[in-house]
1. List the pair-distance distribution P(r) of the chain, using every Cα-Cα distance, as the percent of pairs falling in each 5 Å bin from 0 up to the bin containing the longest distance, rounded to whole percents.
2. Tell me whether segment 51-121 comes out rounded, prolate or oblate; compute the Cα gyration tensor, take square roots of the eigenvalues as a ≥ b ≥ c, and use a/c under 1.5 as the rounded threshold.
3. Taking loop as defined by DSSP and a crowding limit of 10 other beta carbons within 10 Å, which GluC sites (Glu not before Pro) in segment 33-121 fit?
4. Calculate what fraction, in whole %, of the accessible area of segment 12-121 sits on carbon and sulfur atoms when a 1.4 Å probe is rolled over the protein chains.
5. Give, in nm to one decimal, the length gained when the segment between Arg16 and Asp40 is fully stretched (0.36 nm per residue of separation minus the Cα-Cα distance).
6. Please work out the C-alpha center-to-center distance from segment 7-46 to segment 48-121 and express it in whole Å.
7. In Å², what does the accessible area per residue of segment 1-98 work out to with a 1.4 Å probe?
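The values are calculated or read from the model by the stated rules, or taken from the named source; none is laboratory data. These figures come from a predicted structure and were not determined experimentally. Please note: Cβ atoms are built from the backbone with ideal geometry, for glycine as well, and neighbour counts cover all protein chains shown. These accessible areas exclude ligands, DNA and RNA; they are computed on the full protein's heavy atoms, side chains included. Shrake-Rupley method; radii C 1.70, N 1.55, O 1.52, S 1.80 Å.
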Amino acid sequence: MPLPAVFIAKSEAAIRAELIGFSAATTAAVLRLRECATRDALRAVLPGMIAFHLPSGTPPPREPLLDEMRLREDIGLDSLALTEMAFKFEELIGVRIEIREVTSITSVGGLLAFLESKMQL
């Protein structure tokens, strides 16, 4: 299945503008995802997205992110940060995400699977 049309139609400049404050590596990963919608491309976006949304003072997650890593206990991503990250994906990719859908996600693998299903990868 293809990526959402709204995401494919976004220019590189528009994507860069939506990702102001994110690392250059995260922006590059999002641009690659737009060009090549694969699980690996989506996985490459996660470290930067997670690091950006971590509460202040929380160290960035160690890489590589493993599927079994727990978002709260191992990475430090609280429920507010997870919700904010979901809203960023919704805005950026153009898929509808309900808050109730993300409250049960507890691991990197669960987050990846959820995003894959939303993006129909």
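1. Here the calculated profile for the chain is 2, 11, 23, 26, 22, 11, 3, 0.
2. It is prolate, given that a/c is not under 1.5 and a/b is the larger ratio.
3. On the way: sites: Glu35, Glu68, Glu73, Glu84, Glu90, Glu91, Glu98, Glu101, Glu116; in loops: Glu68, Glu98.
Counting only loop positions with at most 10 other Cβ atoms within 10 Å, the GluC sites (Glu not before Pro) in segment 33-121 are Glu68, Glu98.
4. Details: 3020 of 5610 Å².
Accessible surface attributable to carbon and sulfur in segment 12-121 totals 54 percent.
5. The span from Arg16 to Asp40 would gain 6.6 nm if fully extended.
6. When both Cα centres are located, 15 Å separates them.
7. 53
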